[in-house]
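The values are calculated or read from the model by the stated rules, or taken from the named source; none is laboratory data. What you see is a predicted model; the values in this text were computed from it and never measured. Note: ideal-geometry Cβ built from the backbone for every residue, glycine included; neighbour counts use all protein chains shown. When the accessible area is computed, the model is the full protein with side chains, heavy atoms only, and any ligands, DNA or RNA have been set aside. Shrake-Rupley method; radii C 1.70, N 1.55, O 1.52, S 1.80 Å.
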Amino acid sequence: MADAIVNLALEQLLQITTQKIGEEVRLVGNVKNEVEKLRSNLEAIQAVLLDAEERQMKDKAVRRWLDQLKDTSYDMEDVLDEWNTEIMKLQVEGDLEDAPAPKQKVPSFFLCSCFGIKQVVLRRDIAQKIKELNEKLDIIAKEKDRYNFNDTKSIETPERVRTTSLVDVAEIYGRESEKKSLVSKLLDERNEEQKDLPVISLIGMGGIGKTTLAQLAYNNDKVKSHFDTRVWVCVSDPFDEFRVAKAIIEGLTSRNDNLIELESLLQRIQECISGKKFLLVLDDVWSENYDKWKQFYYCLKNGSHGSKVLITTRKDTVASIMGSVDPIIMEKLSEKECWSVFTQFAFSGRLLKECEKLEEIGREIVAQCKGLPLAAKTIGSLLRFKRTRDEWQRILDSEIWESEEIEKGLLSPLMLSYNDLSPMIRRCFSYCAIFPKDHNINKDHLIKLWMAQGYLGLEKDKEMEIIGQECFDHLASRSFFQEFQKDEDKRIISCKMHDIVHDFAQFLSKGEYFTVEINKDSKEPVISSSNEKARHSMLKLNSGATFPISICSLKSLRSLLIGCDKYLVPNDVLPNLIGELTCLRALDLSPRYGISNLITEIPKEVKKLIHLKYLNLSRLDVKKLPETLCELYNLQTLDITLCSRLKELPQGMGKLINLRHFFNRGTLSLSYMPRGIEKLTCLRTLSQFWENSSSSDNSKACSTLACLKDLKHLRGELYIRRLGNVTNVSEVKRMQILSNKEHLFNLKLEFDQDGEGERKNDDDELLLEALQPHPKLEKLHINYYRGSTFYSDWIMSLTGLRELSLRHCRYCMHLSPLGKLPSLESLRIYDMRVKKLVMGIESDGAFSSSTSVIPFRKLKVLEFWHSYEWEEWDYGNTILPCLASLSIYHCHKLRALPDGLLQGAKNLQHFEIIGRNLLEERYRKGTGEDWQKISHIPNINFNRSYLQGGPLPLC
């Protein structure tokens, strides 16, 4: 960890000392020499840090030395960042003509002669701080000589990780008897051993595979069909009754109730399970307090016969207290089973001949894993990237295997894998210690937090987000992350960390990161001697808890993430919080659920957070943001998602020259973008943009779509609203505001306007033509479009478009042109006002089966919603060879489906009709006149009732 922090400070210093100095620049005292001395000391220390990191495992004196080094490095970062911020401020406000360009993230400690008295004072202050840091570092550098460290070259850059290198374990090796025993116990309804609710337990040491086995049984097909409902809750330590009760309710109802009393929560659980056969898994139980368990046990007895509770625990006393009979004791894996786990990772992607050469030494390494699957998985993930026998031998010969810290036998492979990471990835991994155990870590959120700490580079025009993605992939490939959740495109969106891996992260950063959960009647102090030097903290405030104002005493905090229920952080806390924690790089005030109506104002003192790079204000009840927020020149991410009462943005937004991500989705009361938004050329994310051309007061607003032209780095999603206000279509077309944004993959165009906007308007067709995006667009949503057709050259050029959604495009009846989109897989149409819909392509002669003319040739999903006037579907010669799902919701007057569709769509698997309409009568099973035309479809659902088949499995 120290290696990572020192590297970050050294990166900043190297930028300083390599900058060119103009003749007109005057130095301040001896600052240049001090900076050079600082760099020299850091480089000398850096050379031995890898050896020091390894020796800290056994030598507490070395660990103390590393802690001193980390503290000094942190202070150094603050000084450099403070100076850089002042330079940026002078430049942005126009007070410094010869300042370095904004892209120079860390300017030199030199000052142009045009600086005023204020700048000279500031310069001397920085110089004094640099001198003091050097004095501290001198002592640390001299002390290192006492330990006779070896010079060791650390890894400089991470190997680029291919997505295919991520091994997603779909099976569990060995445990055959445990598998059969567990599934048998879950399905057994004889209940001979226990009259009441049976409690089944898996007992074993950390990393032995308890959770994996429980997950396997939980997702077993027989188990899933046996129970009416299943709930999984990670309990962890301490056993928090409120959190566990809420998690059970959320698992049963898929929503979070706003109950705050434990008795009310338990009653709600009792109601939810009444008469149901349920399976409740309580993973990672530690508490031996019977009183905490018995109140749950009594309310859970309300389930029907056959209900079960499954617990996993490291302690047999816990299983006994919870009334478990005949527990399953999980022993270590056999050598054969451990070898199977290891080879799945270590030999992934290798040729058979290469595997044979490495087998002998590999088996010696597996013997060091002591039968622990997590150890075998971790060390196997490390060795997957080691190509030679010598590299494997160095791993086998490492002294780290002798360590007994944390959990016997598990720290060694984790430390070996950690030491093999680059400094950048090490600091990214260590940061994950800020999250509590079993926390669902959102990948994009994590990357933005890494950015805020400066872990992913210092240049604002570098693609830090891509570097962050690579770091995440690297950690995932080394098995530091697990339990991945993926989106519909199979991209990872979140993950978790194994408890032992989390313990390891905490061990590496002891005292720097702490998470605390505060309940309504919590009396335990938040601040103690163990966290008085904390740099990063996550607070979890449960219902009724009081915000711990003592957190303001941790003046060195760089991250404060407040995970709270709504209504918990009041206005009067913020000024003190902001005024004291001036080292913050990341501040998250967003509630976990609902909207917080206690925070209605962001204090003007927010400008004191000069280092701040990440600010999350989403779901707050604020109506206005202070102008002083625009003095946060380092800000990279600003999140105001779902601030539904926010009416205007600060007029100085153009000052935020480093802003890369601006999340403003769901800000329903906003109606314009402020002037200066076009200056934010670093923006990668802009959730929504409002067109303001027709506004009567443009003094505050960015008045036209032209503001988007220079925001060429925008990526991901963009939602443009109020296009009905555009007054100069030819200007929009000339500017080509969207065609240069090749990284936008999801575009939403809304043609609404201030006022009615219901009448048909052919001008929308011209405007749609003018809004040509880059051809790489993958998803397109068009709302309130008032044209009669979608014939537009650029729409036909979207060769990669996979999804198209048309909402409230009420006057458009001709969809034929859309059939030419070669990659279109999903088409959803909402609220048409036409009687006839034309999808077919007319032809004078016979229809050609050539793939070059087949319309909608890749379409898999077709949906129609709320088209109440629709009567006729002109299908022409169209066939839909790939159509798998057809859904028609509340289209009451549609008389029939085209025969050509039912005959040509040979792959149709799912047909659904919702709402009373003529189709239901026509195609009713057995009695409908056209039932035979659809009877070949495997899954047919009318009004939530399946006539045959069942729901398609989720992808």
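Every residue, every condition in (1) within 26 Å of ILE854 (Cβ to Cβ); (2) open to solvent by 30 Å² or more (accessible area, probe 1.4 Å); (3) of a type in the set (A, V, I, L, M), yes or no:
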position	(1), (2), (3)
ILE879	yes, yes, yes
LEU897	yes, no, yes
ASN917	no, no, no
ASP930	yes, no, no
ASN939	yes, no, no
LEU947	no, yes, yes
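Being part of a strand (DSSP E or B), at pLDDT 85 or above and buried (at least 19 other Cβ atoms within 10 Å of the Cβ) holds for only one residue in LEU749, LEU738, LEU798, and it is LEU749. Of all residues in segment 645-661, those satisfying the criterion of being open to solvent by less than 10 Å² (accessible area, probe 1.4 Å), more than 11 Å from LEU615 (Cβ to Cβ) and out of contact with any Asp or Glu (no Cβ under 7 Å at 6 or more places or on another chain) are LEU646, LEU649, MET653, ASN658, ARG660. Contact map, segment 704-730: first residue farther than 11 Å from SER687 by Cβ, second residue open to solvent by less than 20 Å² (accessible area, probe 1.4 Å) and polar (S, T, N, Q), Cβ cut-off under 7 Å, separation 6 or more or different chains; pairs are ASN725/ASN692. Within segment 178-222, the residues that satisfy the criterion of being touching a residue at least 24 places away in the same chain (Cβ under 8 Å), surrounded by fewer than 21 Cβ atoms within 10 Å (Cβ to Cβ), among the charged types (D, E, K, R) and in a helix (DSSP H, G or I) are LYS179, LYS185, LYS222.
Here segment 756-776 is the region considered, the condition is being under 38 Å from the mean Cα position of the chain (by Cα) and closer than 26 Å to LEU668 by Cα, and the residue that is modelled with the lowest pLDDT is GLY757. If we keep just the residues of segment 833-859 that are more than 14 Å from ASN877 (Cβ to Cβ) and surrounded by fewer than 18 Cβ atoms within 10 Å (Cβ to Cβ), which is modelled with the highest pLDDT? Of everything passing the filter in segment 833-859, LYS858 is modelled with the highest pLDDT. Checking each residue in segment 801-815 for being under 15 Å from LEU723 (Cα atoms) and outside any strand (DSSP E or B) picks out HIS808, CYS809. Residues that are exposed (fewer than 14 other Cβ atoms within 10 Å of the Cβ) and modelled with pLDDT of 80 or more within segment 133-175 comprise GLU135, ASP138, ILE139, LYS142, ASP145, ARG146, listed in sequence order. For segment 43-84, a residue qualifies if it is surrounded by 18 or more Cβ atoms within 10 Å (Cβ to Cβ) and assigned to a loop (DSSP other than H, G, I, E, B), and the qualifying residues are VAL48, GLN56, MET57. Reported count of residues in segment 430-444, each being out of contact with any Cys (no Cβ under 9 Å at 6 or more places or on another chain) and open to solvent by less than 10 Å² (accessible area, probe 1.4 Å), is 6.
Filtered by the rule that a residue be on the phi > 0 side of the Ramachandran plot and either open to solvent by less than 10 Å² (accessible area, probe 1.4 Å) or part of a loop (DSSP other than H, G, I, E, B) (or both), segment 465-515 gives SER479, LYS490, GLY511. Scan segment 313-342 for residues that are open to solvent by less than 30 Å² (accessible area, probe 1.4 Å), among the β-branched types (Val, Ile, Thr) and in contact with a Gly (Cβ under 8 Å, 6 or more places away or on another chain) and the total you get is 1. For segment 348-368, taking the residues that are in contact (Cβ under 8 Å) with a residue 24 or more places away in the chain and closer than 14 Å to GLN393 by Cβ, the one that is surrounded by the fewest Cβ atoms within 10 Å (Cβ to Cβ) is identified as GLU364.
LEU568 fulfils the conditions (1) surrounded by fewer than 18 Cβ atoms within 10 Å (Cβ to Cβ); (2) at pLDDT below 85 except for a single criterion, (1). The residue of segment 777-795 that is surrounded by the most Cβ atoms within 10 Å (Cβ to Cβ), among those that are outside any loop (DSSP other than H, G, I, E, B) and modelled with pLDDT under 90, is ILE795. Consider segment 816-832 and keep the residues that are assigned to a strand (DSSP E or B) and of a type outside the set (Ser, Thr, Tyr). The one that is most open to solvent (accessible area, probe 1.4 Å) is ARG828.
Of all residue pairs spaced 6 or more apart or on separate chains, those with beta-carbon atoms under 6 Å, a first member in segment 919-936 that is touching a residue at least 24 places away in the same chain (Cβ under 8 Å) and a second member that is of a type in the set (Lys, Arg) are ASP930/ARG922. The number of residues in segment 369-385 that are more than 12 Å from ARG478 (Cα to Cα) and either surrounded by fewer than 24 Cβ atoms within 10 Å (Cβ to Cβ) or at pLDDT below 85 (or both) comes to 2. Within segment 262-279, no residue that is free of Cβ contacts under 8 Å to residues at least 60 places away in the same chain and of a type in the set (Gly, Ala, Ser) sits with its Cβ atom under 8 Å from a residue that is in a helix (DSSP H, G or I) and open to solvent by 50 Å² or more (accessible area, probe 1.4 Å) at 6+ positions apart or across chains.
Evaluation of GLN295 against the conditions (1) out of contact with any Asp or Glu (no Cβ under 9 Å at 6 or more places or on another chain); (2) closer than 24 Å to SER264 by Cα; (3) touching a residue at least 12 places away in the same chain (Cβ under 8 Å); (4) open to solvent by 20 Å² or more (accessible area, probe 1.4 Å) shows that the sole unmet condition is (1). Of all the listed residues (VAL35, VAL48), the sole one being hydrophobic (A, V, I, L, M, F, W, C) and at pLDDT below 75 is VAL35. In this structure, LEU635 does satisfy being crowded, with 22+ Cβ neighbours inside 10 Å, at pLDDT 90 or above and not in a helix (DSSP H, G or I). Of the residues LEU668, LEU642, which is under 20 Å from ASN725 (Cα atoms), of a type in the set (A, V, I, L, M, F, W, C) and open to solvent by 40 Å² or more (accessible area, probe 1.4 Å)? Going through LEU668, LEU642 in turn, the sole match is LEU668. Restricting attention to segment 397-413, does a residue exist that is open to solvent by 10 Å² or more (accessible area, probe 1.4 Å), of a type in the set (Lys, Arg) and in contact with a Cys (Cβ under 9 Å, 6 or more places away or on another chain)? Checking segment 397-413: not a single residue is open to solvent by 10 Å² or more (accessible area, probe 1.4 Å), of a type in the set (Lys, Arg) and in contact with a Cys (Cβ under 9 Å, 6 or more places away or on another chain).
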